[in-house]
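**Q** Structure in structure tokens, see below.
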């Protein structure tokens, strides 16, 4: 029962446009059916190998409010050339725009355009929580916590934001994002301050620190600023939050709320390099990065956490974007290949009560909910996400399939594919039953073992391994 | 009378005698002692097993993660060099479940409900079935006659059910997997034969049945030898044009079909795909490339 070597490698690209830096990686992901021959197929990513790393570029800006889209595209085009690939070769991946870059006026336009260029199945993705998770995976914190059976947090301290994710024995348990980074203040080679982020003075107010461009930096001021920002970061990590966290937490993110202590901490992002290398030159990068790193070094000595080295520092986010955003899902598909890739499908999560009713063939609540959802999303193609049952009976499957077909006929157009995503393992049975119940010959796609939240989006790539699985990317799009 | 009723009855009798002899202070209340009491945990339940823990562990989180990753009895603590009483009781209870699964008969109500007539292998009773696998592989003349008289001949797919070594597997799974499989094949336009139940059957009994019915593909849904982790595990053995004495490598199997393994409905749907492929490629076992 061998599946053969055919099309079991995915070339995945990761592009990270951060507050300060932009970089790209290419990786090869191997997909295999890891189930024993006598078991039902279980398709997994079995190896993840980084095959190309770009240099770290400064993120090109036209002004403080706008990214320079042409320059960014040029960087990526050049990197594709030097890696020896074309967009056609790329199967999957993510363009992720993080930190303050996500707040720029043209952020959405640029990521959308870039993802169109970068390959057929490369998605634009952003959102503070997602960044935290991606950085934590890229930094190797997730696998560290799994291997050592512990609670480990990653602090990805970048130019504009610090993304924090916490893993417990390999499971993500919490994530947050605060508006603190090395580039909240910038100064020229003569020590004259050229830029101050509003966010710096927001937290500075708590200690009566106020900075405006034109002031000059010195050792003492740098130490004060480093002390301030590292306190804000530690405040977010601690289980008791003070006013700093309230002020600094990024919009759309929530503060950490854990019932057990963090044991280990890894650091990533640009500031992590300064930390691990014990950088002494305070003014090296014309920002606060080194000052924050030095202050953290001092403070961690009296903290209960053990600091461990991360696998990636400044490239943690881009590595995470390239390697950890793509997943594969076993599938039941009655499809024509032309419909793939399905991009940016907003996911409609059927409410708990509504789903219960579906097992009784009562679709009223679900149709009502879907009506509101369709009004808001203004997208014809959607994915319907259900929890599914751990122990479904045959009758459950029949009723569920009938209900879903009814919802489809009532609410979705005749030429839009019916995409059903289930958390529990039931895609084959449900998919076959939907095929049986559906009256037209529309494309039906049923995937399981997928966990999504309301408001998430999903991209579904071309079927792989003779159609027994598809690559998917789940994402949260938040542009202000 | 089912087990539950029997237990209730015995409990009631014992309590009565105890009370009559003045050995019981409490007035007897049915809710407190019979099987309906919810405060006592089933020794084989997950809830009970969750209470078996290492005392004062260095890293509880790591133990939890390890325990989640396996059904083996890890992280259960010890009393000196031995198992704790709780762990011991749980082991014994699981062992009892496994023995029950082998020795009890499949629920006849379920077989009737699923419309499965019962025939028997050459083994005459359970002990012969367990000690003489050679007899379990053969059918007596009356069973052969029954099939010839009552079953559709030369179907594309012949499906039947057999107890094998776990009757619990039949009771727990057959209501979900059989209709999912039969309806699934029908929907794809595949012609299926008349299903039935073979008591005291072994895997190679399917070869005999394949020869009698002349089916292209023969499928048996069979109870697997129970272990301490699952007593109700079922397998589906399938072969293209099975013949008596053919090599084992011609069989395809999907195993671990039970509530904590592959869900029976999901397994049914998966089998439909495999069987379709067998018919297309006219092959099974190691020759079949899935």
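The values are calculated or read from the model by the stated rules, or taken from the named source; none is laboratory data. Predicted model, so just to flag it, every value in this text is computed and none were measured. No Cβ is skipped: glycine too gets one built from the backbone with ideal geometry, and neighbour counts run over all protein chains shown.
**Q** Filter region B:203-231 for residues that are surrounded by fewer than 23 Cβ atoms within 10 Å (Cβ to Cβ) and under 30 Å from residue A:391 (Cβ atoms) and give the result.
**A** Matches in region B:203-231: B:203, B:224, B:225, B:227, B:228, B:229.
**Q** Step by step: first the residues of region A:157-170, then only those that are in contact with a strand residue (DSSP E or B) (Cβ under 6 Å, 6 or more places away or on another chain) and within 14 Å of another protein chain (Cβ to nearest Cβ), then the one that is surrounded by the fewest Cβ atoms within 10 Å (Cβ to Cβ). Which residue is that? Quick ask: steps written out before the conclusion?
**A** Filtering region A:157-170 for residues in contact with a strand residue (DSSP E or B) (Cβ under 6 Å, 6 or more places away or on another chain) gives A:161-168.
After this cut, where a residue has to be within 14 Å of another protein chain (Cβ to nearest Cβ) as well, the list is A:166-168.
Values: A:166: 24, A:167: 27, A:168: 22.
Taking the candidates together, the pick is A:168.
**Q** Among the residues of region B:255-264 satisfying the criterion of being modelled with pLDDT of 90 or more and more than 7 Å from chain A (Cβ to nearest Cβ), which is surrounded by the fewest Cβ atoms within 10 Å (Cβ to Cβ)?
**A** This residue is B:258.
**Q** Go over the candidates B:189, B:227 one by one and state the one that is away from chain A (no Cβ under 14 Å) and not in a helix (DSSP H, G or I).
**A** Working: B:189 fails: away from chain A (no Cβ under 14 Å).
Going through B:189, B:227 in turn, the sole match is B:227.
**Q** Could you identify the single residue in B:246, B:238, B:278 that is assigned to a helix (DSSP H, G or I) and either modelled with pLDDT of 95 or more or in contact with a strand residue (DSSP E or B) (Cβ under 9 Å, 6 or more places away or on another chain) (or both)?
**A** B:278 is the lone residue from the list that is assigned to a helix (DSSP H, G or I) and either modelled with pLDDT of 95 or more or in contact with a strand residue (DSSP E or B) (Cβ under 9 Å, 6 or more places away or on another chain) (or both).
**Q** Being surrounded by 16 or more Cβ atoms within 10 Å (Cβ to Cβ) and out of contact with any strand residue (DSSP E or B) (no Cβ under 7 Å at 6 or more places or on another chain) is the filter; apply it to region B:115-131 and report the residue that is farthest from residue B:225 (Cα to Cα).
**A** Per the stated criteria, the residue is B:122.
**Q** Determine whether residue A:281 is in a loop (DSSP other than H, G, I, E, B), over 26 Å from residue A:144 (Cα atoms), in contact with a helix residue (DSSP H, G or I) (Cβ under 6 Å, 6 or more places away or on another chain) and modelled with pLDDT of 85 or more.
**A** Working: in a loop (DSSP other than H, G, I, E, B): yes; over 26 Å from residue A:144 (Cα atoms): yes; in contact with a helix residue (DSSP H, G or I) (Cβ under 6 Å, 6 or more places away or on another chain): no; modelled with pLDDT of 85 or more: yes.
So residue A:281 fails the test.
**Q** Here's something else I'd like to know. Which residues, counting only those in region A:17-64, are more than 14 Å from chain B (Cβ to nearest Cβ), more than 21 Å from the chain's Cα centre (by Cα) and in contact (Cβ under 8 Å) with a residue 60 or more places away in the chain?
**A** Passing the criteria: only A:64.
**Q** Same structure again: If I filter region B:265-290 down to residues being under 18 Å from residue A:448 (Cβ atoms) and facing chain A (nearest Cβ under 8 Å), which single residue comes out as surrounded by the most Cβ atoms within 10 Å (Cβ to Cβ)?
**A** In this case the residue turns out to be B:265.
**Q** Within region A:358-399, can you find the residues that are over 31 Å from the mean Cα position of the chain (by Cα), assigned to a helix (DSSP H, G or I), away from chain B (no Cβ under 14 Å) and surrounded by fewer than 17 Cβ atoms within 10 Å (Cβ to Cβ)?
**A** A:364, A:365
A quick yes/no check of all residues on (1) buried (at least 24 other Cβ atoms within 10 Å of the Cβ); (2) in contact with a strand residue (DSSP E or B) (Cβ under 8 Å, 6 or more places away or on another chain); (3) within 14 Å of another protein chain (Cβ to nearest Cβ); (4) at negative phi:
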| residue | (1), (2), (3), (4) |
| --- | --- |
| A:145 | yes, yes, yes, yes |
| A:150 | no, yes, yes, yes |
| A:155 | yes, yes, no, yes |
| A:172 | no, yes, yes, yes |
| A:178 | yes, yes, no, yes |
| A:191 | no, yes, no, no |
| A:207 | no, no, no, yes |
| A:222 | no, no, no, yes |
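**Q** Oh, and also: When region A:400-419 is examined, which residues are found to be within 14 Å of chain B (Cβ to nearest Cβ) and touching a residue at least 40 places away in the same chain (Cβ under 8 Å)?
**A** A:400, A:402
**Q** Follow-up. Working carefully through the options A:428, A:449, find the one that is buried (at least 21 other Cβ atoms within 10 Å of the Cβ) and within 14 Å of chain B (Cβ to nearest Cβ). Spell out how you get there, then give the answer.
**A** Details: A:449 fails: buried (at least 21 other Cβ atoms within 10 Å of the Cβ).
The conditions single out A:428.
**Q** Still on this structure, I have one more. Give region B:163-176 a look and list any residue that's buried (at least 24 other Cβ atoms within 10 Å of the Cβ) and within 8 Å of another protein chain (Cβ to nearest Cβ), or say none.
**A** Once the filter is applied, which keeps residues that are buried (at least 24 other Cβ atoms within 10 Å of the Cβ) and within 8 Å of another protein chain (Cβ to nearest Cβ), region B:163-176 yields only B:176.
**Q** Give me a count of the residues in region B:237-249 that are within 14 Å of chain A (Cβ to nearest Cβ), within 21 Å of residue B:192 (Cα to Cα) and free of Cβ contacts under 8 Å to residues at least 40 places away in the same chain.
**A** Count: 1.
**Q** Please enumerate the residues belonging to region A:287-305 that are under 21 Å from residue A:262 (Cα atoms) and assigned to a loop (DSSP other than H, G, I, E, B).
**A** Correct list: A:301, A:302, A:303, A:304, A:305.
**Q** Where in region B:53-171 are there helices (runs of 4 or more DSSP H), lying wholly inside it, with at least 3 residues that are under 30 Å from residue B:209 (Cα atoms)?
**A** Numbers: elements: B:60-68, B:85-103, B:108-113, B:126-131, B:133-136, B:141-150.
Passing ranges, in order: B:85-103, B:108-113, B:126-131, B:133-136, B:141-150.
**Q** Something else: Just to be sure before I move on: is residue A:422 buried (at least 22 other Cβ atoms within 10 Å of the Cβ), more than 10 Å from chain B (Cβ to nearest Cβ) and more than 32 Å from the chain's Cα centre (by Cα) in the structure I sent?
**A** Details: buried (at least 22 other Cβ atoms within 10 Å of the Cβ): yes; more than 10 Å from chain B (Cβ to nearest Cβ): yes; more than 32 Å from the chain's Cα centre (by Cα): no.
Considered against the rule, which asks whether it is buried (at least 22 other Cβ atoms within 10 Å of the Cβ), more than 10 Å from chain B (Cβ to nearest Cβ) and more than 32 Å from the chain's Cα centre (by Cα), residue A:422 comes out as no.
**Q** Got at least one residue in region A:65-73 being in a helix (DSSP H, G or I), closer than 20 Å to residue A:270 by Cα and touching a residue at least 12 places away in the same chain (Cβ under 8 Å)?
**A** Here is the first cut: in region A:65-73, the ones in a helix (DSSP H, G or I) are A:69-73.
From what's left, closer than 20 Å to residue A:270 by Cα: A:72.
From the residues that got through so far, the ones that are touching a residue at least 12 places away in the same chain (Cβ under 8 Å) too are A:72.
Yes; the residues of region A:65-73 include at least one that is in a helix (DSSP H, G or I), closer than 20 Å to residue A:270 by Cα and touching a residue at least 12 places away in the same chain (Cβ under 8 Å).
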